[in-house]
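Heads up: the structure comes next, in structure tokens.
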């Protein structure tokens, strides 16, 4: 989609004081922090600020970073306290307003014992509203396996795994060889999918299906809605109904086996 150049007029300043405990007390992993109303009719930048704590509720908190495919980019701060991200809000040639991942959010990681969470904070345009949200991108346990660390949920992102390993105390980790830490594998049945991850910043979700791995865009999910107070999103492990699957386009660079072009949430 083509877009015109963004301006810096009328920026919205959003300040976040990261508090993990308040976030963890809410069941839905995507939390609407503020409805900023209708998005601007012209391209502009929104300025997003975060002031992270070093520790919250016993969790060691990382410095903010940007997460791109296969790469972690640490953010810099002039005073080592306030970090700023310019988020471009663009208007396409057909008048559709959007923000685009990964430039529409920043990330923070928090670790306690052998448990790590990665949260994203940013702005999205959803159902004609500009929304400020925070979303739990990863929730993983960490295990020892000889001289390396195993993080099942981030195994496909070496850069992220390397950064997260600096937050944990290896002396408190369990061995991966211990059968008690292995999880049972649930196999999807035909016509259903098991949610692997959901990312509101790219507005996509990944599924395990009987026909292989698949991804679906939010616009292809029948009953995915914003009710004015929250975004109704499935969680990893939820089962959804897959009504239509097709092969990816030939020139697509996706690693998924299928594209789910019609999905229905079951709850």
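The values are calculated or read from the model by the stated rules, or taken from the named source; none is laboratory data. None of these values were measured; they are calculated from a predicted model. Neighbour counts are summed over all protein chains in view; Cβ atoms, including those assigned to glycine, are modelled from backbone coordinates with ideal geometry.
Annotations
- Restricting region 103-133 to residues that are modelled with pLDDT of 85 or more and touching a helix residue (DSSP H, G or I) at 6+ places or on another chain (Cβ under 8 Å), the residue that is farthest from residue 176 (Cα to Cα): 126
- Summed over region 143-167, the residues that are modelled with pLDDT under 85 and not in a helix (DSSP H, G or I) give a count of 11.
- Figure legend. Inter-residue proximity from region 54-70: first residues in contact (Cβ under 8 Å) with a residue 12 or more places away in the chain and at positive phi, second residues surrounded by 16 or more Cβ atoms within 10 Å (Cβ to Cβ) and in a loop (DSSP other than H, G, I, E, B), beta-carbon distance below 7 Å, spacing 6+ or different chains. Indicated pairs: 70/157.
- So residue 161, is it touching a helix residue (DSSP H, G or I) at 6+ places or on another chain (Cβ under 6 Å) and crowded, with 19+ Cβ neighbours inside 10 Å: yes
- Some residue of region 208-216 being in contact with a strand residue (DSSP E or B) (Cβ under 7 Å, 6 or more places away or on another chain), surrounded by 15 or more Cβ atoms within 10 Å (Cβ to Cβ) and closer than 30 Å to residue 113 by Cα: yes
- Subset of region 217-253 [farther than 23 Å from residue 125 by Cβ and part of a loop (DSSP other than H, G, I, E, B)]: 236, 237, 238, 247, 248, 249, 250, 251, 252, 253
- Residue match in region 103-117 (condition: more than 17 Å from the chain's Cα centre (by Cα) and without any contact (Cβ under 8 Å) to a residue 40 or more places away in the chain): yes
- When each of 66, 32 is tested for being modelled with pLDDT under 85 and in a strand (DSSP E or B), the lone residue that passes is 32.
- Qualifying residues in region 101-114 (those that are in contact with a strand residue (DSSP E or B) (Cβ under 6 Å, 6 or more places away or on another chain) and surrounded by fewer than 20 Cβ atoms within 10 Å (Cβ to Cβ)) - the one farthest from residue 151 (Cα to Cα): 102
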